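Step one of this worksheet: look at the structure below.
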């Protein structure tokens, strides 16, 4: 691992597509707060089809905790299903943003 602010050796990227009543209920704000608590960077974005796409990068354990929280039933609104995809870190995030 280098001394710069780049990705660590165990870092990973999580893409999660969340379906349910997740737009207009504070879901992106809630997701951002959980991600920041876990030290993750990324974004939460509304999609035209009513889903929210969550992109998070950081240690795999932290990403797995965020994924569990997305599925945990304690979110704003209602989550029906979460589809996940794991991939290598791409970078480009300077925090966690709502889009």
(request) Could you list, in sequence order, all residues of the stretch 35-94 that are in contact with a helix residue (DSSP H, G or I) (Cβ under 9 Å, 6 or more places away or on another chain), over 21 Å from residue 19 (Cα atoms) and surrounded by 14 or more Cβ atoms within 10 Å (Cβ to Cβ)? (result) 38, 40, 41, 58, 62
(request) State all residues of the stretch 78-92 that are farther than 14 Å from residue 15 by Cα and at pLDDT below 95; if no residue qualifies, say none. (result) 92
(message) Given (1) within 19 Å of residue 32 (Cβ to Cβ); (2) in contact with a strand residue (DSSP E or B) (Cβ under 8 Å, 6 or more places away or on another chain), identify the lone condition not met by residue 69.
(response) (2)
(message) Going residue by residue through the stretch 27-41, is there one that turns out to be touching a residue at least 24 places away in the same chain (Cβ under 8 Å), in a loop (DSSP other than H, G, I, E, B) and in contact with a strand residue (DSSP E or B) (Cβ under 9 Å, 6 or more places away or on another chain)?
(response) yes
(message) Can you tell me which condition residue 14 does not meet? The list is (1) free of Cβ contacts under 8 Å to residues at least 60 places away in the same chain; (2) assigned to a strand (DSSP E or B); (3) touching a helix residue (DSSP H, G or I) at 6+ places or on another chain (Cβ under 7 Å), and all the others hold.
(response) (1)
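The values are calculated or read from the model by the stated rules, or taken from the named source; none is laboratory data. Computed from a predicted model, the values in this text were never measured in an experiment. Positions of Cβ are backbone-derived with ideal geometry, glycine not excepted, and every protein chain shown enters the neighbour counts.
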